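*Asks:* Mind looking over this structure? Questions follow.
FYI, it's all coordinate maths here, none of it is from the lab. Given the structure is predicted, the values throughout are model-derived calculations rather than measurements. FYI the Cβ positions are ideal-geometry reconstructions off the backbone, even for glycines, and counts take in every protein chain you see.
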Amino acid sequence: MTAPGDRVAVAVSGGGDSVALLLLLDELREALGFTLIVAHFNHRLRGAAADEDERFVCELAAARGFECVVRGEDVADEARRAGTNLEEEARNRRYAFFRELVSAKRATRVATGHTADDQAETVLSRLGRGAGLRGLAGIHPVLGFVVRPLLEVRRSELRAYLAARNQAWREDEMNGDESRLRARIRRRLLPAFEAECGEAVVERLARLAELARQDEALLEELVAERVDSLIERADGRIAVRARDLSDPLPGSSSREAREALAARLARRLAQEAKHDLRGLSREHVESVLELAREGTSGQRVDLPGGLRAERVLDRVVFATEASPKRPANQPVRYAYPVYPAVGGEWAVEIAETGTRVRLKLIDWPPPGSETYGEWSGALDAERIELPLVVRSLLPGDAYRPHGRRRVEKLKRLLLERRIAGKLRAGWPVLTSAGRPVWASGLPVAAEVVVGPLTRRALLVGEARDEGSEVRGEGGRRSGGVGLGAARI
């Protein structure tokens, strides 16, 4: 949670938990090599009592020789103006204060006094609201710059610690206000659980949260890898094939596994597009999945925070209201020359679309059983002519794809693969002496495809970022040259 040289801001409200945290960290700071400051946020919700809390914290910090940083805001007024929940607004304002301390380099970490009891109360609260695994993960011990050193310590232990040191603290009468769910859980539900199941129930609930966090972290890692292999990015939009979203485990006999992965994919795609999942409910996720399963091109689902999911042919496209919209009469235009050399590998970064075209010269045929599944095409290096250029798709572009008898327009070939117009904008094409010989997701031109007499080949493929897979259509083989076209 800390490292030597850290400057830790202790969030002290004046209550027993945060006061105990300050004293404990004061005992540890020399041994662990960090320094302390005290941070206090006055929500101005309790009039004179709140001001007394602030005075108490400042005096406590001064007595121990610590700098005390105070921020006061009328949270109730802000909540009324924003139309938000009072507790949510208070938390948002408090953590905004913490972020400012870190941004201003007054602190590198912020420590809060959450306890095992807080964890148990959080798990029960979320359980009552119908939370899934993510919600049952509860309070995280480390989340960004915020650390919670007391998350495995009981509140009663901290009170005993303070009493042994004759250290006073302030009690917040709002903690006893049973009009609030948290207070009812603390004063009624949790004691009833302990009476029936023993005091260890708090530790068991905290353990449940820990196990949920571990499983959630694993599942999110797996989902992130899956998402990276499926999505297309362009102009701030995220696109995925509808069938990949609606049935992401086509080989699985477990309906529950398929549905669980589909729901996680939908949430992850929304997060990729907006970076914020607040307000996204299970009902929203189901609407997105229904759009993927049964929707027709042009249908859309509006999601919280200005996010939308729209069916575009065989894709589901996620975008926010702030996503840039290119006028229909303003196509993407770019051209990047390529200068290959024997034994090399290159990446042409296309800033206009955020993609990368990769090229590699190799001896052909590949030695032994070596495969090149991440490449979408192989060209006979002796049949291509300089200059080689990676450029955007232009009106009239055409070639004869390997496996076909006549010249075809690239636009028609992309339409056959159900690539929508907005996704074709800026589609990468490789030209040899001005003639198209490859386009992302399409077979190589017949005149340059590798054959029995090929001795050196130029591999080509498209990726979004380092380690991502190559752009292609449906995982089909490209041009019949034995190179699998990976999906995006």
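*Asks:* Determine the relative contact order of the chain: mean sequence separation of Cα pairs under 8 Å and six or more apart, normalised by residue count, in whole percent.
*Replies:* Averaging sequence separation for qualifying contacts and normalising by length gives 11 percent for the chain.
*Asks:* While we're on this one: Averaging sequence separations of C-alpha pairs under 8 Å and six or more residues apart, then dividing by the length of region 229-320, give the relative contact order as a whole percent.
*Replies:* About 31 percent, as a whole number.
*Asks:* Something else: Take every DSSP beta bridge whose two residues both sit in the chain, then give the antiparallel share in percent to the nearest 5.
*Replies:* 80 percent
*Asks:* With only Lys, Arg, Asp and Glu charged, each at its Cβ (+1 for the first two, -1 for the last two), find how big the charge dipole of the chain is about the Cα centre; round to the nearest 20 debye.
*Replies:* Value, rounded to 20: 2220 debye.
*Asks:* Where does helix 48-63 land angle-wise versus the long Cα axis of the chain, in degrees 0 to 90, nearest 10?
*Replies:* 90 degrees
*Asks:* Amide H to amide H, which residues 5 or more places from G426 or on other chains are under 5 Å from it, using H placed in the peptide plane?
*Replies:* Excluding prolines and chain starts, which carry no amide H, the hits are V332, L393.
*Asks:* Moving on to the next point. Exposure proxy check: L388, L219 ranked by fewest other beta carbons within 10 Å?
*Replies:* Least crowded to most crowded, the residues run L219, L388.
*Asks:* Report the antiparallel proportion of the DSSP beta bridges in region 7-211 as a percent, rounded to a multiple of 5.
*Replies:* The antiparallel fraction comes to roughly 10 percent.
*Asks:* Taking 0.36 nm per residue of sequence separation and subtracting the Cα-Cα distance, how much length would be gained by fully extending the chain between R134 and A257, in nm to one decimal?
*Replies:* 42.6 nm
*Asks:* OK, next. Positive end of the charge dipole of the chain (Lys, Arg +1 and Asp, Glu -1 on Cβ, about the Cα centre): tell me which of L181, V389, F66 has its Cα farthest that way.
*Replies:* Comparing the listed Cα positions along the dipole, V389 ranks first.
*Asks:* For the chain, find the longest principal axis of its Cα atoms and tell me its angle to the long axis of helix 255-274, 0 to 90°, nearest 10.
*Replies:* For helix 255-274, the angle is close to 90 degrees.
*Asks:* Put +1 on the Cβ of every Lys and Arg and -1 on every Asp and Glu Cβ in region 335-463; which of P443, L359, L453 then has its Cα farthest towards the positive end of the dipole?
*Replies:* Towards the positive end, the residue furthest out is P443.
*Asks:* Expressed as an acute angle from 0 to 90° and rounded to the nearest 10, what is the orientation of the C-alpha long axis of helix 86-103 relative to the principal long axis of the chain?
*Replies:* Helix 86-103 and the main axis of the chain meet at about 70 degrees.
*Asks:* Could you work out the helix-only [θ] at 222 nm for the chain, with each DSSP H run of four or more residues adding -39,500 (n - 2.57) and the total divided by the number of residues, to the nearest 500 deg cm²/dmol?
*Replies:* That comes out to -11000 deg cm²/dmol.
*Asks:* What is the set of long-range amide H partners of V38 at a cut-off below 5 Å, with H atoms built 1.01 Å from backbone N?
*Replies:* Under 5 Å from the amide H of V38: V10, E67, C68, V69.
*Asks:* Turning to a different aspect of this structure: Answer with one residue from A433, Q214, I231: the one whose Cα lies farthest towards the positive end of the charge dipole of the chain, charges on Cβ with Lys, Arg +1 and Asp, Glu -1.
*Replies:* Working it through, the farthest residue towards the positive pole turns out to be A433.
*Asks:* Rounded to the nearest 0.05, what FRET efficiency do R159 and R44 give with R0 = 41 Å and r taken as the Cβ-Cβ distance? Could you check?
*Replies:* It comes out at approximately 0.95.
*Asks:* Tell me, what is the percent relative contact order of region 76-194, built from C-alpha pairs under 8 Å that lie six or more residues apart?
*Replies:* Result for region 76-194 is 24 percent.
*Asks:* Within 10 Å of each residue's Cβ, count the other Cβ atoms and sort R165, R180, R170 from fewest upward.
*Replies:* Going from least to most buried by this count: R165, R180, R170.
*Asks:* Follow-up question, since we're still on this one. If we count other beta carbons within 10 Å of each Cβ, what is the order of K409, K360, K274, K105, fewest first?
*Replies:* K105, K409, K360, K274
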